[in-house]
Structure formats: structure tokens, C-alpha cells
2 protein chains.
Amino acid sequence: MELFDVIKSRRSYRGMYQQKPVSREDLRLIMEAALAAPSGCNKQTTSVIAVDDPELMKQLGDMLGKPNFASAPAAVCILSEKKIAYKNRTFFVQDYSAAIQNALLAIQGLGLESCWVEGYVTDTDCIGRKMADLLGVPENIDLVCYLPVGYAAEEGSYVQKMPFEERAWFNGYRK
Amino acid sequence: MELFDVIKSRRSYRGMYQQKPVSREDLRLIMEAALAAPSGCNKQTTSVIAVDDPELMKQLGDMLGKPNFASAPAAVCILSEKKIAYKNRTFFVQDYSAAIQNALLAIQGLGLESCWVEGYVTDTDCIGRKMADLLGVPENIDLVCYLPVGYAAEEGSYVQKMPFEERAWFNGYRK
């Protein structure tokens, strides 16, 4: 679990999951990692719910409608409150995104798999709100991301990234 | 540089920096970490410029107007392009925030210090645009965050976070 090894090996897993459960200890480490991320003006707008209850997982999976993600035995739901940081400025998207990235690294470091599932749950059909209602999340707090957590049951297929030289330079743009 | 040690020890440093330079090798590792973050629909909306040229650092520091951050011998500037991911949806804020979090962990893991400086550079006085112009960044790409990078010259003062139990639960909100 060396930092740079984990950062470089992390990838989004979109395959099916084994039914092997995820330990409470691992789920707690993932949640602690998420909450260790910084937040704009330290407003701590992000909170998390780990789900490992089989009945709740089934209901959330049915709402999600994605058999691959729904096959995971556990999930970490990312919650966000749209607090003002200062003047009229908010940083809640930045806050929860940093928290999610920490959680994803923790998941990878523990030998587990996940995928940042945000678009599906915050689209016009409001799946995130239905999930939030099931989990008792109050109306002023949004469920913005669903992280399935579990062990891979198959080989995943992974995206490619552009080469370093196309996205990073020293002392000037495209230098 | 064990993953969880770095995640838990990372903090925002707001003190003055030593003049000791940051190696190109370290700056490259920080940039690679940033670019290893996921992006919505793999649009790779984030790019980075590391600055270690003393004259450029002086000009960027003058623009920033914050003596503590300006004292760093190097910086990583985070660039973002507002690309559509699908339909009318964008995830560029999520993308660059995940990249910044990876960069901050890399910085911490290398024994360096930094702070997520976003509000100052994206406020109504458009410091980020001035910095972008100096670095030759085209108009369609924004400089959204300035990460000073260097070695601490003094003890920092750090914020406190709420306890775990106030922000994380199993199988339901505040359960």
C-alpha cells in the first residue's frame, strides 16, 4: 500500500463483484480516508454512509438499475451539503470530489474495487434522492455519488489516458 | 509513504517556505499523481503546469499577493477545460478536484508542503486568468488552483475536523 503504487494502479472497475463481504474494518478505513480530505474554508460539507446490510443493498441496487454496480456486497454513499464557504462562494463539489478520491485510493489500497458513480445518481431521474430517502438523509443534504465496494469477480476493461506530455509542462503551457 | 499514513497526515500548510528548491523529479511525480485521477467519461479535462523558474515564481507570487504562499520556490498550477461529458453535463470541477487531491497526497508523501489555493485565484479579481496569461494558457482553459510546493520554514497552524461519528454512519443517516 505504497502511496504512489496505489495512485498509479487505481482504476474504475465496471465488472461484476464477488459476493465475498467487505469487512467493517475496511469500510471504516475507507470512510476515514474520505473524511480526511480538505474542504473549502474547512466547512466539512461532505459526510458518508457505508452500506453493508443485504436488504438495503438490494433496494439500492434496484434503484441504480446497473447489474454490475448493484452486484457489490457493500457501498459507500457520499453525501454533500451546499454550504456557503464565504461571500457567495461554495466549494461543496470540490469538497466531495477530494473525499471521493481519497476513498477510491483507500479502496484500491485495500485490494478492493470501485467506480465513481455520480452521473447516474444525479441525473434528471433523481436516483440519488430516492437512495437518500431510503437511508433517511434529510432534504437539505444530497446523495451525490455511489461507490460500490467489493472484490472483482472478473477482468475489468479500463480506459486509456493521454500521454503525460499532452497534459503536463514546466514553466508554461505546452512548454 | 504508506497510503493511509499519508492520507491521515496531509494538511494545508499556510506558513512561510524555505528557499530550498524542489527537484524536477519530485515535481514530475506530483504532476503524474494529479493526472492519474479519474475524470467523468474519461474526458481528461485537467492539465498541469509546474513552475520552478525563479522569475516566473516572483511574478506569480506578486499576482497572488499572499507572502506565505508566494514564498514557495515552486508551484503546480491546475488547469481545467469546461468540456461537456454527456448531454448537458459537465464534471470538470470533480475532475480537477480529484487531481488536486492526488497532487496534495503526493506532495505530503514526498515530505513537501502545500495548500489548495482556489478561492483567491478564481475570485472576481481574476488572479487565475492573469496567471494563465503569463503562462501562455489559452482563453478556453482556466487556471483554477495554485498549489505552492516547498519545504516548511516554520510550524504551521492547522484546522480541526469534526469527529468521525458526526460525519460517518453505517446503513442509514446518523445511525
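The values are calculated or read from the model by the stated rules, or taken from the named source; none is laboratory data. Since this is a predicted model, take the numbers as computed values, not measurements. Counting neighbours? That spans all protein chains shown, and the Cβs are built from the backbone with ideal geometry, glycine included. These area figures cover heavy atoms from the full protein model, side chains too; ligands, DNA and RNA do not enter into them. Shrake-Rupley method; radii C 1.70, N 1.55, O 1.52, S 1.80 Å.
Write down the Kirkwood hydrodynamic radius of segment B:4-67, to one decimal in angstroms, obtained as one divided by the mean of 1/r over all alpha carbon pairs. Could you put the intermediate results ahead of the total?
On the way: mean 1/r = 0.0683 Å⁻¹.
Computed over segment B:4-67, the radius equals 14.6 Å.
Roughly speaking, to the nearest percent, how much of segment B:1-98's 1.4 Å accessible area is carbon and sulfur?
Details: 2090 of 4020 Å².
So the carbon and sulfur contribution to the accessible surface is 52 percent.
Project the alpha carbons of segment A:55-108 onto their principal axes and report the range along each, largest first, in whole Å.
Here the spans come out as 43, 25, 16 Å, largest first.
Shielding by partners for B:116-123, please: the mean number of other protein chain Cβ atoms within 10 Å of each residue's Cβ. Provide the component values of the computation, followed by the final result.
Working: counts 7, 0, 5, 8, 0, 0, 1, 3.
Partner-chain Cβ atoms within 10 Å, mean over residues of B:116-123: 3.
Leaving ligands, DNA and RNA out of it, work out the accessible area of B:Ser157 with a 1.4 Å probe and give it in Å² to the nearest 10.
90
What list of whole percents do you get for P(r) of segment A:96-168, with Cα-Cα distances grouped in 10 Å bins up to the one holding the largest distance?
Going out from 0 Å in 10 Å bins, segment A:96-168 shows 16, 35, 35, 11, 2 percent.
Among the DSSP beta bridges whose two residues both lie in the protein assembly as shown, what percent are antiparallel, rounded to the nearest 5?
Beta bridges within the protein assembly as shown, antiparallel portion: roughly 85 percent.
Hey, which of these cross-link pairs are over 19 Å Cα-Cα: A:Lys66/B:Lys83; A:Lys20/A:Lys58; A:Lys83/B:Lys8; A:Lys43/A:Lys83; A:Lys8/B:Lys161; A:Lys66/A:Lys161?
A:Lys66/B:Lys83; A:Lys83/B:Lys8; A:Lys8/B:Lys161; A:Lys66/A:Lys161
In segment B:46-119, which GluC sites (Glu not before Pro) fall in coil by DSSP and have 16 or fewer other Cβ atoms within 10 Å?
Here no GluC sites (Glu not before Pro) fit, given the DSSP loop and packing criteria.
Am I reading the B/A interface right? What is its buried accessible area, both sides, 1.4 Å probe, to the nearest 100 Å²?
By this definition, chains B and A bury close to 6200 Å².
For chain B, what does the helix formula give at 222 nm: sum of -39500 (n - 2.57) over DSSP H segments with n ≥ 4, over the residue count, nearest 500 deg cm²/dmol?
Details: 6 runs with 60 residues, N = 175.
For chain B, the value works out to -10000 deg cm²/dmol.
By the scheme Lys and Arg +1, Asp and Glu -1, what is the net charge of all other residues having a beta-carbon under 15 Å from that of B:Arg24?
Net charge in that neighbourhood comes out at -3.
Calculate one ³J(HN,Hα) per residue across segment A:39-49 by plugging θ = phi - 60° into the Karplus curve 6.51 cos²θ - 1.76 cosθ + 1.60, and present them in order as whole Hz with x for glycine and proline.
Per residue, the Karplus-derived 3J(HN,Hα) values read 9, x, 6, 6, 6, 6, 6, 9, 9, 9, 10 Hz.
Per residue, how much accessible area does the protein assembly as shown show when a 1.4 Å probe rolls over the protein heavy atoms, in square angstrom?
Result: 41 Å² of accessible area for each residue.
Quick one: what does P(r) look like for segment A:1-155 with 5 Å bins over all Cα pairs, in whole %?
Percent of pairs per bin, in order: 2, 10, 19, 22, 21, 14, 7, 3, 1, 0.
Would you kindly find the accessible area of A:Trp116, with a 1.4 Å probe and non-protein molecules such as ligands, DNA and RNA excluded, rounding to the nearest 10 Å²?
50
Taking a label point 7 Å from Cα toward Cβ, how far is A:Pro138 from its twins in the other copies, in nm, shortest first?
4.7
Whole number please: convex hull volume per residue, Cα atoms of the protein assembly as shown, in Å³.
128
What are the residues whose amide H is under 5 Å from the amide H of B:Tyr13, where those residues sit 5 or more places off or on another chain and H is modelled from the backbone?
Excluding prolines and chain starts, which carry no amide H, the hits are B:Ser114, B:Cys115.
Determine the distance separating the Cα centre of segment B:1-24 from the Cα centre of segment A:1-66; give it in Å without decimals.
The two parts, judged by their Cα centres, are 25 Å apart.
Relative contact order for chain A: what is it in percent, counting Cα pairs under 8 Å that are at least 6 residues apart?
Result for chain A is 32 percent.
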